[in-house]
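One structure is given here, and the rest of the page talks about it.
The values are calculated or read from the model by the stated rules, or taken from the named source; none is laboratory data. Just so it is clear, the model here is predicted, and its values are computed rather than measured. Cβ: placed from backbone, ideal geometry, glycine included. Neighbour counts: every protein chain shown.
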Amino acid sequence: MVHSIHLSFAPEMEAFLVENLTAWITSLDGSEKLNFRGFGLNALFTLSRTPLHLPFLHAAARFWNPVTHVFSFGGQEVCPTFEDFQVLMESKSQEEILPQFRFGHAQVLGRMCGLTAHDARSLICNGELDILGLIHRFSGAGDRSNHYWQGFRKHALCLCLLFHFLLSSGFGGSSIRLIEVAQGLREGKSCIAMTLAETLMGLDAFHRRETTRFAGSPLLLQVWLMDKLQVVDSCPAYSARGYFFRQRLVGALDERWWFDWMCNLSADRIAWRCPWLNLPAMSYSMSRLIGIQLVGLTHCVFYFPFRFLRQFGHDQIFPPEGIEYPAAFPVRGAQLARYATAWRTRELLAPAPTFSCTLSGECLDWLNEEAQVGPSLASEASTSSGRGRRDT
């Protein structure tokens with residue numbers, strides 16, 4: 001189905017991208033999909049069949065707080081976590097990909113895709129990767145018995161999937177850093193933390209009206225949020241293959257309807273624990289940091305698990321007054337080794353066995369106050385204090 005691929009290019013290029021990437025995925029036979037497993041992206045072959053419902057996402061983005069990084073539905077705060085995205089992608093890798101400095105992008109692209117130095121350089125311009133050029137070259141099946149060609153084609157498909165489903169840009173174009181990510185995936189590493197980082201920063205930019213497109217993975221964001229708000233039916237156990245067949249419980253066509261519906265959400269409407277995801281633990285703290293730090297393609301960003309403990313069945317607490325929520329900041333090479341250690345040794349919070357979602361009176365008062373302030377005012381305060389659009 002051509003309409004199932006999500007749009008990320010300028011209108012005049014979308015038709016080509018949609019038609020050819022959809023056909024490419026559809027053309028893969030069983031052995032090709034099996035050989036692709038090394039990249040850890042096979043969940044996208046079936047998740048990509050789920051149409052992106054932009055009115056739903058546009059409405060939800062109006063409830064996003066770009067300072068505290070939570071959706072606030074009537075004072076009920078939720079946020080996608082690293083573990084949520086990891087389960088949705090059925091990822092098992094524990095080592096996260098980090099940006100690399102002094103990386104020979106054209107040289108690595110040439111090795112990955114069997115290109116001459118000239119051809120590899122022709123696919124890179126002004127720090128961007130020519131995704132349409134890759135599709136032109138590699139979307140045709142070619143000789144299935146030519147293992148060299150199929151290997152090059154596999155790497156090209158990885159780059160296209162990363163760009164379109166996990167690391168989309170809210171401002172157009174595709175970063176050459178996708179080449180670094182593809183190499184990391186080939187080495188058995190994971191891009192889940194990076195995907196979540198780009199998704200959170202994309203929500204920030206969209207909420208502040210700096211862009212009209214969602215960055216990162218609007219696909220995973222939609223899958224997670226529809227589960228959390230019980231828009232789709234529950235299931236015994238999550239699988240990417242079975243998600244497409246789950247029944248939609250709430251149907252609407254326009255953003256206004258979704259916005260009104262979200263305005264009236266209550267605590268009992270939110271699936272604080274989604275048992276079918278079977279999350280073993282939640283990242284809770286890193287070293288002396290206030291939240292969980294994620295490294296994106298070019299910037300670092302935080303989310304703050306103490307604001308949504310109910311997602312793991314724990315009694316919700318409210319934070320002390322005067323907390324400074326760190327804004328996104330550029331990645332610095334000197335800090336990456338220290339970050340990698342902090343990530344590996346981060347504290348994990350086990351789910352509460354009783355699935356408690358208790359709120360104290362003080363916590364209720366705090367959440368009500370937060371809801372009255374609203375994300376729009378928080379956004380203005382953030383922008384005025386230099387927390388606005390991040391450098392690109």
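Only residues that are part of a loop (DSSP other than H, G, I, E, B) and under 14 Å from C263 (Cα atoms) were counted in the stretch 48-72, giving 2.
Checking each residue in the stretch 228-248 for being closer than 18 Å to R273 by Cβ and among the hydrophobic types (A, V, I, L, M, F, W, C) picks out L229, V231, V232, C235, A237. For the stretch 124-173, filtered to residues that are part of a helix (DSSP H, G or I) and of a type in the set (G, A, S), the residue that is nearest to M194 (Cα to Cα) is A156. Among the residues making up the stretch 124-178, those that are crowded, with 19+ Cβ neighbours inside 10 Å and hydroxyl-bearing (S, T, Y) are S139, S168, S169, S174, S175. For the stretch 94-109, the set of residues classified as buried (at least 17 other Cβ atoms within 10 Å of the Cβ) and farther than 21 Å from V301 by Cβ consists of H105, A106, V108, L109, listed by residue number. Of everything listed in (1) under 23 Å from the mean Cα position of the chain (by Cα); (2) within 23 Å of A61 (Cα to Cα); (3) modelled with pLDDT under 90, the single unmet condition for P351 is (2). Against the definition (assigned by TED's automatic domain parsing to the domain that holds C300 and at pLDDT below 95), how does G216 come out, yes or no? Spelling it out, it is not the case that G216 is assigned by TED's automatic domain parsing to the domain that holds C300 and at pLDDT below 95. Name every residue in the stretch 200-227 that is in a helix (DSSP H, G or I) and over 29 Å from M112 (Cβ atoms), in order of residue number. L203, D204, A205, F206, H207, Q222, W224, L225, M226, D227 - these are the residues of the stretch 200-227 that are in a helix (DSSP H, G or I) and over 29 Å from M112 (Cβ atoms). Taken over the stretch 179-199, the criterion of being surrounded by 23 or more Cβ atoms within 10 Å (Cβ to Cβ) and either in contact with a strand residue (DSSP E or B) (Cβ under 6 Å, 6 or more places away or on another chain) or in a helix (DSSP H, G or I) (or both) is satisfied by I179, V181, A182, I192, M194, T195, L196, A197, E198, T199.
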